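The values are calculated or read from the model by the stated rules, or taken from the named source; none is laboratory data. In this text, all values refer to a predicted model and were calculated from it rather than measured experimentally. Neighbour counts are summed over all protein chains in view; Cβ atoms, including those assigned to glycine, are modelled from backbone coordinates with ideal geometry.
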Amino acid sequence: MATGKKNAGRLIIKIISRQKNLVVIVVIVIVGFSLIHKDSPRNHTPNRTEPIFALQTSAYPQHGVEPEPIRAPHAIKTSPLLLMPWRGPVEPQSTPPNAAQVVYKVSTTDPVVFVSIDDGVVQSPEILDWLTRHHLPFTMFLYNGVIKDNYQYFAKLQAAGLPVENHTLNHPHLPKLNLDQQKTEICGAADTYAQVFGRRPTLFRPPYGAFNVDTRQAAAECGMRAIVMWHATVDRGVMHFQDDIGHLEPGDIVLMHFRPEFLQDIQVLTNQVQQDKLRIGRLEDWLK
Ligand SMILES: [Zn+2]
């Protein structure tokens, strides 16, 4: 018997040494199988870092491609999470005579950031749908030349809680204009929006962020409380920061646009806001 066992052992060793490749394959298959089984329960556990909006980014941002509609099952949960309750004005700001103040960042330690959407070029049903469903208090700096044929679109957004503010009549490079021409651009848009939207804008964003001393005077004389600049932008799915910090901080003002890539931008923005443990506030409340 002992000899038989010895022989069998030798035979196995012989087979193993001749079939090394086969043994390696068998070992890989067994190890792989056990790993798959070990991992499978984890695959069903929700990943906490998953984005809240299940947006199929691959469907964006090609123009002409019907984007996947954003189903927002978490919309009701998400909005209060992102929305900063009204706490303002944190710092009442005085407007010096004949010069509107220039605000790059709101001075606050509250965990709040502000979002501005400029121009109004793209007026898609998807953007309208997202913004009216989420009720986040983004501020719209609208350029009259591109919205004048569709005021209704922006009136719906205003009704959803997005204030309409001033971004001139014709989007000029203001420092190239004299004081009176600048006043025509700024007062003209303010008067037009007062009539169209029932509320006169009080905040002004200069086109291209370009302004001079005359702009500050024109803005003040047109009744604008502040010239609002920005500290971060989101553009075609990428966040850009003004400095090397690489994240949003309390009081930051974010610039975005009504672009074809808007839904992609909004996902990137909301992810960033949540990642930085911030909420979105209404600029008008903090810049009283
Ligand atoms: Zn603009």
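State whether one or more residues within the range 55-66 are at pLDDT below 50, at positive phi and more than 16 Å from the ligand (Cβ to nearest atom). Checking the range 55-66: at least one residue is at pLDDT below 50, at positive phi and more than 16 Å from the ligand (Cβ to nearest atom).
Here Gly188 meets the list (1) surrounded by fewer than 21 Cβ atoms within 10 Å (Cβ to Cβ); (2) assigned to a loop (DSSP other than H, G, I, E, B) almost entirely, failing just condition (2). Here is a check on your reading of the model: is Leu169 of a type in the set (A, V, I, L, M) and assigned to a loop (DSSP other than H, G, I, E, B)? Taking the combined requirement at face value, the residue satisfies it. Here Ile266 does not qualify as outside any helix (DSSP H, G or I), buried (at least 16 other Cβ atoms within 10 Å of the Cβ), among the β-branched types (Val, Ile, Thr) and in contact (Cβ under 8 Å) with a residue 40 or more places away in the chain. The number of residues in the range 197-249 that are over 20 Å from Asn98 (Cα atoms), in a loop (DSSP other than H, G, I, E, B) and more than 14 Å from the ligand (Cβ to nearest atom) comes to 13.
Among all positions in the range 171-182, there is at least one residue which is buried (at least 17 other Cβ atoms within 10 Å of the Cβ), at pLDDT 95 or above and under 25 Å from the mean Cα position of the chain (by Cα). Residues in the range 150-173 that are within 15 Å of the ligand (Cβ to nearest atom) and touching an Asp or Glu at 6+ places or on another chain (Cβ under 7 Å): 5 in all. Against the test of being of a type outside the set (Lys, Arg) and touching a Pro at 6+ places or on another chain (Cβ under 8 Å), the options Ile266, Ile227, Ile245, Ile253 yield a single qualifying residue, Ile227.
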